[in-house]
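> One structure follows; several queries about it will come next.
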Amino acid sequence: DPAHTDGDSVIVFPRAKIIHVGDVYRTVGYPFVDLSSGGSFDGTIAAADKVMGMIDTTFKVIPGHGELSTRADLKTWRDMLAEIRASVKKQVDAGKPLEAIQQMKLTTRWDERWGKGSIKPDQVVEFAFTAVKSKR
């Protein structure tokens, strides 16, 4: 499934216990879901799930941007994305438009850690909003 774009790659080095996930995962901020290149917020979550299913806790995870990570780090990031999506979906289901949802600051608890990169909180909410709306 598309994640960062519609052409993401993951490379596994099984003997070395290393997996390189490219821009599907980044430790420096919220994900960049390149909608113009076929990217998908839901696909980003699904890609994290798939990668976690391919590795155990002994693997090192190389992100597209940021520091060497663990499976647990990737899971924390994935869970944050899923929680943002669920919060946005609740507001979409209540009939709220994007701008109103962005004003709710649904990402506040994660902004200190992930909101200072190139993708700002309003943008990650928009990526989640686009994903939710596309399922309707």
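> Just for the stretch 56-73: of the residues that are part of a loop (DSSP other than H, G, I, E, B) and closer than 14 Å to H20 by Cβ, which one is most open to solvent (accessible area, probe 1.4 Å)?
Of everything passing the filter in the stretch 56-73, E67 is most open to solvent (accessible area, probe 1.4 Å).
> Oh, and also: Output the qualifying pairs, or none if there are none: Cβ atoms under 8 angstrom, residues six or more apart or on different chains, first residue in the stretch 79-95 and under 13 Å from E126 (Cβ atoms), second residue open to solvent by 60 Å² or more (accessible area, probe 1.4 Å) and part of a helix (DSSP H, G or I).
Note: pairs meeting the criteria are V92/K133.
> Could you list, in sequence order, all residues of the stretch 92-109 that are closer than 16 Å to W77 by Cβ and surrounded by fewer than 19 Cβ atoms within 10 Å (Cβ to Cβ)?
If the condition is that a residue be closer than 16 Å to W77 by Cβ and surrounded by fewer than 19 Cβ atoms within 10 Å (Cβ to Cβ), then R109 is the only one that fits.
> Let me ask something else about it. Restricting to the stretch 25-50, and then to whatever is aliphatic (A, V, I, L, M) and modelled with pLDDT under 90, can you tell me which residue is nearest to L81 (Cα to Cα)?
Within the stretch 25-50, the subset aliphatic (A, V, I, L, M) is 28, 33, 35, 45-48.
Restricting the remaining residues to those that are modelled with pLDDT under 90 gives 33, 35.
Values: V33: 12, L35: 16 Å.
Ranking the candidates gives V33 first.
> Then there's this: Of the residues in the stretch 30-47, how many are over 22 Å from T58 (Cβ atoms) and crowded, with 20+ Cβ neighbours inside 10 Å?
Of the residues in that region, 11 qualify.
> Only one of (1) closer than 26 Å to V10 by Cβ; (2) in contact (Cβ under 8 Å) with a residue 12 or more places away in the chain fails for R113. Which number is that?
Against the list (1) closer than 26 Å to V10 by Cβ; (2) in contact (Cβ under 8 Å) with a residue 12 or more places away in the chain, R113 comes up short only on (2).
> Within the stretch 121-128, can one find any residue that is of a type in the set (G, A, S), open to solvent by 30 Å² or more (accessible area, probe 1.4 Å) and touching a residue at least 40 places away in the same chain (Cβ under 8 Å)?
no
> Does E83 satisfy the condition of being at pLDDT 95 or above and open to solvent by 80 Å² or more (accessible area, probe 1.4 Å)?
Values: at pLDDT 95 or above: yes; open to solvent by 80 Å² or more (accessible area, probe 1.4 Å): no.
Judged against the criteria, E83 is not a match.
The values are calculated or read from the model by the stated rules, or taken from the named source; none is laboratory data. Keep in mind that what you see is a predicted model, and the values were worked out from it rather than measured. No Cβ is skipped: glycine too gets one built from the backbone with ideal geometry, and neighbour counts run over all protein chains shown. Just the protein is used for accessible areas: all its heavy atoms, side chains included, with ligands, DNA and RNA removed. Shrake-Rupley method; radii C 1.70, N 1.55, O 1.52, S 1.80 Å.
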